[in-house]
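Data block below; observations after.
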Amino acid sequence: MEALPSSFRDPSGFVFSHSGSIYRQVNRSFANSFDTFLSSGLYDTLVRRGLLVSHQEIVDGNFPRTADCYKVLRPQQIPFISYPYEWSFSQLKEAAILTLRIQHEALKHGFVLKDASAYNVQFLNSKAVFIDTLSFDTYVPGTPWVAYKQFCQHFLAPLALMAFTDVELSKLMISHIDGVPLSLASKLLPYKTRFNFSLATHIHLHARMQQQHSDAAREDAARKAKNATLPEKGLRALMESLANCVDKLTWKMPKTEWGNYYEDTNYSDLAGNEKRALVDAFLEGIPESLRIIQDFGSNTGEFSRIAAKHCELVVSQDVDPVAVEVNFRKSLASPPANILPLIQNFSSPSPAIGWGNAERASFLERSHCDALLVLALIHHLAISNNVPLPIIAKLFAGITRWLVIEFVPKSDSQAIRLLATREDVFVNYTQQGFEEAFSQNFSIEKVAPVPESERLLYLMRTRWV
Amino acid sequence: MRTYYLLPIFLIMFSQQAAAYLDPGTGSMVLQGLIAAFAVVGFTIKSYWYKIRAVFGKTSPQSLLEENAEPREPE
């Protein structure tokens with residue numbers, strides 16, 4: 001039994017995988033805090049409010065555990081792990097508010113969050129939920145919040161950068177695994193944010209204070225950190241201040257080419273309805289139960305909503321932050337849709353990052369699914385990104401058992417747009433070339449023309465080699 | 001009976017040991033006191049303002065962090 005590569009920082013315990021499920025070991029050193037956490041009623045309150053994943057204690061003495069094990073827990077399972085650099089603006093904002101709500105509730109029970117990592121938040125369907133049951137420690141009255149810096153780096157700085165500088169800057173979380181350094185955020189934020197009291201203090205002044213104290217003699221710094229005090233009233237006010245700051249951050253969505261794609265299609269409402277019915281029928285025709293369907297190039301999730309009827313979860317990914325934001329807002333309905341919208345650039349998807357390149361898994365390591373939807377995307381991959389069709393087919397075959405894919409011929413108006421400014425070097429990009437390329441890895445089960453277009457919709461099954 | 005009184009002290013000692021696996025950062029620890037002082041003053045003024053509003057029958061908005069806070073609509 002080995003801890004997952006993402007689980008080594010906190011000595012209170014670790015997460016491991018066993019027989020396809022995820023478990024959490026609580027170490028003996030954390031036994032006291034963990035028992036108090038359970039008996040205080042905080043765990044029950046957080047689970048009842050849907051803020052924290054529930055867990056069951058494993059009572060089987062033969063279950064795998066290490067020598068310093070106190071308890072083994074089986075937490076509520078998260079079907080798909082996503083990372084903050086894949087979330088839209090509102091998803092990161094939800095995760096930030098969730099963290100502060102948990103800290104607020106924890107304080108009422110005499111506890112405090114000992115970390116505020118964005119990686120402690122996951123999405124169950126479209127709802128943010130906290131997954132680290134061991135993040136709670138007894139509150140010592142008069143002490144400042146040890147996770148304040150981490151909260152600012154993981155949530156406040158990226159949110160402010162997305163809102164005021166550029167929404168793509170959430171990608172800074174890829175190069176900085178412990179959140180965006182405040183000195184960097186302070187440099188990148190526009191000057192006007194210095195006149196916003198919350199950002200002026202939590203980011204700009206915070207960055208300067210960090211700089212000042214890192215220059216001070218180490219002994220002096222250690223003494224100051226140890227002596228820093230904060231009455232409980234002040235700590236609560238700090239939480240309210242952070243919550244107001246996060247709540248006031250808004251991102252004005254630009255109207256991008258793809259953001260209003262469904263109002264700007266090359267097919268009529270009737271053809272749209274027929275295409276939806278066709279996708280629905282193809283998914284219905286798959287003779288096995290589907291747990292996860294991935295929708296690559298999902299745009300605002302129109303077809304993800306159809307796929308959602310056929311599986312436990314649709315992971316709905318698109319390169320456009322506007323489309324993903326719209327998709328997430330739509331999915332927030334009550335009850336939340338079983339759709340997880342994520343930002344993903346398929347020509348350069350999320351890499352594996354962190355210690356040993358293993359702490360946060362790559363896109364490919366996480367993309368295994370039962371069925372994959374690839375609608376109106378193939379021309380972007382093959383023409384805009386120059387990926388030959390056999391290479392695309394091979395990648396898809398490695399991640400899914402079933403594939404619903406739309407072939408967009410060169411004569412299609414959307415493909416014509418892509419070819420307008422460049423030489424057509426894609427001699428094999430034809431229906432025949434497409435079918436030959438995909439037949440290497442897939443058997444074609446069904447083909448149907450997409451109404452009022454020259455496009456074709458295929459249902460394919462992976463050939464196991 | 002006497003050891004019973006010592007329990008909270010042990011708990012505090014224990015939790016201080018267990019809490020700090022993160023480096024909280026000296027600047028971050030010191031800054032919190034400063035921001036909190038401003039925030040406490042701000043919230044005190046706000047709470048008086050809400051009390052005045054209440055005299056005229058106006059309700060006060062609830063903290064976003066409370067359980068029954070109104071769900072927020074993204075703008």
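Of the residues making up the range A:391-416, those that are in a helix (DSSP H, G or I), of a type outside the set (D, E, K, R) and closer than 14 Å to A:S443 by Cα number 3.
Against the criterion of being within 19 Å of A:Q210 (Cα to Cα), in a helix (DSSP H, G or I) and at pLDDT below 90, B:A54 does not qualify.
Within the range A:307-319, is even one residue within 23 Å of A:D269 (Cα to Cα), buried (at least 22 other Cβ atoms within 10 Å of the Cβ) and out of contact with any Pro (no Cβ under 8 Å at 6 or more places or on another chain)? The answer is yes, given that some residue of the range A:307-319 is within 23 Å of A:D269 (Cα to Cα), buried (at least 22 other Cβ atoms within 10 Å of the Cβ) and out of contact with any Pro (no Cβ under 8 Å at 6 or more places or on another chain). Of the numbered criteria (1) surrounded by fewer than 20 Cβ atoms within 10 Å (Cβ to Cβ); (2) touching a strand residue (DSSP E or B) at 6+ places or on another chain (Cβ under 9 Å); (3) not in a helix (DSSP H, G or I), the one A:E435 fails is (3).
Scan the range A:163-181 and give yes if some residue there is buried (at least 16 other Cβ atoms within 10 Å of the Cβ) and at positive phi, otherwise no. Yes, the conditions are met somewhere in the range A:163-181. Considering A:E406, A:E436, the condition of being within 27 Å of A:S350 (Cβ to Cβ) and not aliphatic (A, V, I, L, M) is satisfied by A:E406 alone. Return yes when A:T66 is among the β-branched types (V, I, T) and either crowded, with 16+ Cβ neighbours inside 10 Å or in the same structural domain as A:N338 (by TED's automatic domain parsing) (or both) and no when it is not. No. Please verify whether A:L51 is under 16 Å from A:S135 (Cα atoms) and within 22 Å of the chain's Cα centre (by Cα), treating the condition exactly as stated. Taking the combined requirement at face value, the residue satisfies it.
Of all residues being of a type in the set (D, E, K, R) and more than 14 Å from chain B (Cβ to nearest Cβ) in the range A:308-335, which is farthest from A:I292 (Cα to Cα)? Just the residue, please. The qualifying residue farthest from A:I292 (Cα to Cα) is A:D320. If you go through the range A:379-394 and keep only what is surrounded by 16 or more Cβ atoms within 10 Å (Cβ to Cβ) and either under 24 Å from the mean Cα position of the chain (by Cα) or closer than 19 Å to A:F363 by Cα (or both), you end up with A:H380, A:L381, A:V387, A:I392, A:A393.
Could you go through the range A:74-97 and let me know if any residue there is farther than 25 Å from A:R366 by Cβ, in a helix (DSSP H, G or I), of a type in the set (K, R) and not assigned by TED's automatic domain parsing to the domain that holds A:I339. No: the range A:74-97 contains no residue that is farther than 25 Å from A:R366 by Cβ, in a helix (DSSP H, G or I), of a type in the set (K, R) and not assigned by TED's automatic domain parsing to the domain that holds A:I339. Before we move on, is A:E452 surrounded by 12 or more Cβ atoms within 10 Å (Cβ to Cβ) and at positive phi? When the stated conditions are applied, A:E452 passes them.
Where helices (runs of 4 or more DSSP H) fall wholly inside the range A:154-252, the ranges with 3 or more residues that are over 25 Å from the mean Cα position of the chain (by Cα) and within 13 Å of chain B (Cβ to nearest Cβ) are A:206-215, A:218-227, A:232-248.
The values are calculated or read from the model by the stated rules, or taken from the named source; none is laboratory data. As the structure is a prediction and not an experimental result, all values here were calculated from the model. No Cβ is skipped: glycine too gets one built from the backbone with ideal geometry, and neighbour counts run over all protein chains shown.
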